[in-house]
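Undergrad: Provided herewith is a single structure, encoded as structure tokens, for subsequent inquiry.
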Amino acid sequence: MASSSTAKDWLTWAFSPAISAIFATLLISLTLPLLIHFYLYRKAVAKELPTFLLIGPSGAGKTTLLTLFANGSPSPTHTSQEPQSAVCQLPSSARSSEDRYRSENDTSAQAQPKLALLDTPGHGKLRHHATSSLTTGSSLKGLIFVVDSAAVSSAAGLTEAAEYLHDVLLLLQKRHTQSKTSKDPQAIPVLVAANKQDVFTSLPAGLVRTKLEEEIAKVRRTRSKGLLDSGIGMDEGAGGDEETNWLGEYGTTDFKFSQMGEHGVEVSVRGGNAKGDGGESGKVNQWWEWVGGNI
Amino acid sequence: MLDAFEILTTSGIVLWRKHYAPIAPSIVDGLIRDVFIEEKQSPSNEQYRKERYTLKWSLAKDVGLVFVAVYQSLLHLSWVDNLLTAVKALFVKEYGSEVKTGRTTKLHTSRWDATFDALVTKLDTGNEPPPPPVFASQPKRPAIPRKEQVVMDDTTSADATPIPTPDTSRPATPHLLTAKGGPGGKTSRRARKAQNFATSAPASSGDESAAGKASKVKSTAKAKRRWDVDGGAIDDYGDDATLDYSASTSDAVNGDDHDNDIADVSASQMGSRTGKGQFVLKDLDDEVDAILASSRSQKSQSSDPDPSSTGGGGLLGTATSRLTGLFRNALGGATLTKSSLQQPLAAMRNHLLEKNVAREAADRLCASVETDLLNQKTASFTSIDKTIRESMEKALTRILTPTSSLDLLRDVTTTTTGPSARPYVISIVGVNGVGKSTNLSKIAYFLLQNHFRVLIVAGDTFRSGAVEQLRVHVRNLSELARREAVGRVELFEKGYGKDAASVAKEAVSYASNNTGKGGGEMLYDVVLIDTAGRRHNDTRLMSSLTKFGQLANPDKIFMVGEALVGSDSVAQARNFAKEFVDTKGNLRNNGVGMDGFIISKCDTVGDMVGTLVSMVHATGIPVVFLGVGQHYGDLRGLNVGWAVERLMR
Ligand SMILES: Nc1nc2c(ncn2[C@@H]2O[C@H](COP(=O)(O)OP(=O)(O)OP(=O)(O)O)[C@@H](O)[C@H]2O)c(=O)[nH]1
Ligand SMILES: [Mg+2]
């Protein structure tokens, strides 16, 4: 009752030929377009920075890497609960792809490009953050999958990393297949960052690569034979057939990262460590180089 | 003695920390995993234990900060609560606006070290088991003299009084006070109050400028006023004087000319304040008392309704505010308060209840959404309802997603191959009539299709007809398997009346075929054990489950529950889970007892899949399979997105 009567009062005032009402209308009609303009403009600008996504199992060193890239030195970290973005600048040692065409002798000042880095939680319950930014991110330029090179020497650690990587690659593959029909099938390269190379028990990057490939092949096999999930069977319609849910080249027994090429996903594996002993920054030039090449 | 104190963001970056003794990062990681992410602990439990440490924490949700204190469980450090409260208030005041931008990955916290040390010195009352309400009333003086001792180190060192340990400080208090000559007794404290009155103004003016720079005036002003009121009240007169004092203080804060008069003084004070720890201490003292007092009063008042929405303001006034409220709601940018959240949250709760989510789970989910959103601003073009929806979707996704996903085929393959190959043992439990045998047959069918050899064990030696029912299933399954040329299946039964646990044990050794000398080839890959259905409140039958779990030692124990409305699945699940303890008395599978739920009859409930949430919420055990029909093939894995979508529909 009270609200309807106040609303009525309000409307009466708004339509009355009072000078205040005219002024109010004038003000609104003038400022609204401006506000909308600024709103859209802000959105457009914010979109610009090339974004790289940090993904990987919990404890792999994503957040450590983020702080290293953003601040030049790694911070101590704990398990993440929320995503975190940061703006970083390519160091002068890594050349960006635009830079490739510049002459070696060109000394004119050229600002190193900036990029946004988005860290995601790796805990099993929180991976929806990563997958949602994977499917919605429009300025996504690349994906850095961080693995703990020491953890993959244990069966459980290897399985966890391989399952996660399998799911991520499958998402990228599906994204590529879907966007093939639309005008720009944007390829998203993936860097598998074999982190913690400083740890005594860690495997070298080459071995991490083959181990992951072997394990993904197993994951792929059981996934294809596993139960359908509830999302498919009970609602009619979009039932994914086996081929679209098969990662890489359909029907092959072995999985190689190179199979992802035909799906527009280029995978490279490079070693490094975000943190040296004693907490100082480790060796990450190879990763910076990759970022520079894909910016 | 504190072992460590850390201040970190929810994204996992440690902004500041102090370790008094080396502790592994896994201790704090454990807190984050078990309490914040997996919510294994009831939210009313305010401490977390890991290894030999006890952890206490405090959250500043709106700026995304976590404050954690770590100490050895042997000690009773009741003052840590006060420390957390004070650190949180001061740190957020100092760095909150910087952290709020969301892009902070590093803070320059060199100033903070001194403040923190001062706080610890002030608040540390040592190891005292009974937790009296510290600073609650006047007799609680010991901390103040100690502070004065630090500030006026000259006088006290002349006194040659050793730094009082908590035990000695109390009897020594009167002595200390009189020995200090000048400032002692009630009158001089009153004089100090007058001084304090003068210094509180410069301090606040300094704060004002800092706040202006940081553009977060509102919250600081509020905190500060409380500080003057309560701190003063506690320091000097006690509760009776509060009113009159608060009036004069707000005068001082508001009076601009007053501020200007002593602006130069304040500047010099600020300098020395940040430079040396001692001045920090002096300023801090009252502020900390105020923070603690206000947090206490907030706690006691938290039940009172918030009288923030004032009734007056004239017709046009209310109409405009209503209208802007409406705009705010539509355009976003509204700050979510307890009162503005109340109604939509109640609606959300009802919605969940309608979807058959248990009351307890719905309450907890709504509470977690509320803490998630309280004091947050809605995003642009997002209404409050939509914000709540999104937050609820996140909470549901988190609760339903298992920490590690189950890949049964892989598990079976790894166990049954290699040098230490053995049969993989799965057992199915549940109350009467939920469809244990049916779902067991569905799993058997799934395994058969993947070319495994399955032995089905009739562990229900109790209910007449149970073995026959299984025999029918096995006959059907072998017929299907023969037709499709896949794996093979057989029934293992020892009739009725025998102990289920020993039947299961026999079956496992039969399947592995290693009883004879040297043993032979493994006969079966998977042993599927059916168990007797039992009422979950039948203690005698329930406790036999414990023995069963220990003797048969299954790789996986699944419980079958119904999706149907009105079944008391939650109580069932709880009672079953707590029976599966190992010989050391620990619950199986990392303390949750069982490995997963199979929710049967999902096809009959439509959207009302709330049972999934209730069961997972009550036990922390994930839902692994859904039964969706009458056929052997009607078994599905859980798709979390699907379930959340149905629940929110
Ligand atoms: N030795 C060594 N330790 C590292 C390295 N990188 C990270 N760590 C440590 O690994 C632990 C986990 O690192 P985080 O960065 O928190 O891991 P994360 O990937 O963000 O984990 P989540 O947030 O749980 O997903 C920390 O204790 C780091 O100090 C490295 O290169 N070498
Ligand atoms: Mg992290």
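Undergrad: If r is the Cβ-Cβ distance from A:T25 to A:K174 and R0 is 51 Å, what FRET efficiency results, to the nearest 0.05? Intermediate values should be presented prior to the final figure.
TA: Values: r = 50 Å, r/R0 = 0.99.
Computed FRET efficiency for A:T25 and A:K174: 0.50.
Undergrad: Using modelled amide H (1.01 Å from N, peptide plane; none on Pro or chain starts), what sits under 5 Å from the amide H of B:F452, excluding residues fewer than 5 places away?
TA: Close amide H contacts, sequence-distant or interchain: B:G487.
Undergrad: Once a ≥ b ≥ c are taken as the square roots of the eigenvalues of the Cα gyration tensor of segment A:2-43, is the result rounded (a/c under 1.5), prolate (a/b larger than b/c) or oblate (a/b not larger than b/c)? Spell out each step's value before the answer.
TA: On the way: a/c = 6.14, a/b = 1.90, b/c = 3.24.
Since a/c reaches 1.5 but b/c is at least a/b, the shape of segment A:2-43 is classed as oblate.
Undergrad: Could I ask something else about it? Given a Förster radius of 22 Å and the C-beta distance between B:T403 and B:S42 as r, what FRET efficiency does 1/(1 + (r/R0)^6) yield to the nearest 0.05?
TA: Once rounded, the FRET efficiency stands at 0.75.
Undergrad: Where does each of B:433-443, B:470-480 land if you order them by average Cβ count within 10 Å, highest first? Intermediate values should be presented prior to the final figure.
TA: Details: B:433-443: 21.6, B:470-480: 16.8.
Answer by packing, highest mean first, reads B:433-443, B:470-480.
Undergrad: Would you mind giving the mean number of other chain beta-carbons within 10 Å of the Cβ of each residue in B:446-457, as a whole number? Write out the running numbers ahead of the final one.
TA: Numbers: counts 3, 0, 0, 2, 3, 1, 0, 0, 0, 0, 0, 0.
What the average comes to for B:446-457 is 1.
Undergrad: Tell me, what is the 1.4 Å probe accessible area of B:S44, in Å² to the nearest 10?
TA: Number for this one is 100 Å².
Undergrad: What pairs in A:K275/B:K106; B:K338/B:K386; B:K88/B:K394 have C-alpha atoms more than 18 Å from each other? The partial results should precede the final answer.
TA: Values: A:K275/B:K106 16 Å; B:K338/B:K386 16 Å; B:K88/B:K394 26 Å.
From A:K275/B:K106; B:K338/B:K386; B:K88/B:K394, over 18 Å: B:K88/B:K394.
Undergrad: At 7 Å along the Cα-to-beta-carbon direction for both A:S154 and B:H19, put a label point, then send me their distance in nm to one decimal.
TA: 2.0 nm
Undergrad: Computing the accessible area with a 1.4 Å probe over protein heavy atoms, can you report the carbon and sulfur percentage for segment A:2-43?
TA: 80 percent
Undergrad: Hey, can you list the residues from segment B:69-115 whose accessible area shrinks by 30 Å² or more with all protein chains present, relative to the chain by itself (probe 1.4 Å, no ligands or nucleic acids)?
TA: Correct list: B:R103, B:T105, B:K106.
Undergrad: Would you mind working out the accessible area per residue for segment B:408-648, using a 1.4 Å probe, and quoting it in Å²?
TA: 39 Å²
Undergrad: Report the accessible surface area buried between chains B and A, summing both sides, using a 1.4 Å probe on protein heavy atoms only, in Å² rounded to the nearest 100.
TA: Details: alone 32330 and 17330 Å², together 45100 Å².
So the buried area, both faces added, is about 4600 Å².
Undergrad: Modelling each spin label as a point 7 Å along the Cα-to-Cβ direction, I'd like the A:N245/B:N586 distance in nm, to one decimal.
TA: Going from the A:N245 label point to the B:N586 one covers 3.5 nm.
Undergrad: Grab the beta carbon distance between B:D411 and B:S339, set R0 = 60 Å, and tell me the FRET efficiency rounded to 0.05. Can you show the working numbers first?
TA: On the way: r = 50 Å, r/R0 = 0.84.
Efficiency for this residue pair is about 0.75.
Undergrad: Related question: What is the average number of partner chain Cβ atoms found within 10 Å of a Cβ in A:214-220?
TA: For this peptide, the per-residue mean of nearby foreign Cβ atoms is 1.
Undergrad: Percent of accessible area on segment B:26-127 owned by carbon and sulfur, 1.4 Å probe?
TA: The computed percentage sits at 46.
Undergrad: Another question, then. Averaged over A:5-12, how many beta carbons belonging to a partner chain fall within 10 Å of each residue's beta carbon?
TA: If you average over the peptide's residues, the count of other-chain Cβ atoms is 3.
Undergrad: Starting from the exponent 0.38 and prefactor 2.2 Å, build the expected Rg for segment B:2-123 from its residue count and divide its actual Cα Rg by it. Don't skip to the answer; put the middle values down first.
TA: Numbers: Rg = 13.8 Å, N = 122, 2.2 N^0.38 = 13.7 Å.
That works out to 1.01 for segment B:2-123.
Undergrad: Measure off 7 Å from each Cα along the Cα-to-Cβ vector at A:S268 and B:R422, then give the distance between these two points in nanometres to one decimal.
TA: 4.7 nm
The values are calculated or read from the model by the stated rules, or taken from the named source; none is laboratory data. Just so you know, these numbers come straight off a predicted model, no measurement behind them. Cβ: placed from backbone, ideal geometry, glycine included. Neighbour counts: every protein chain shown. All accessible areas refer to the heavy atoms of the entire protein, side chains included, with ligands and DNA or RNA removed. Shrake-Rupley method; radii C 1.70, N 1.55, O 1.52, S 1.80 Å.
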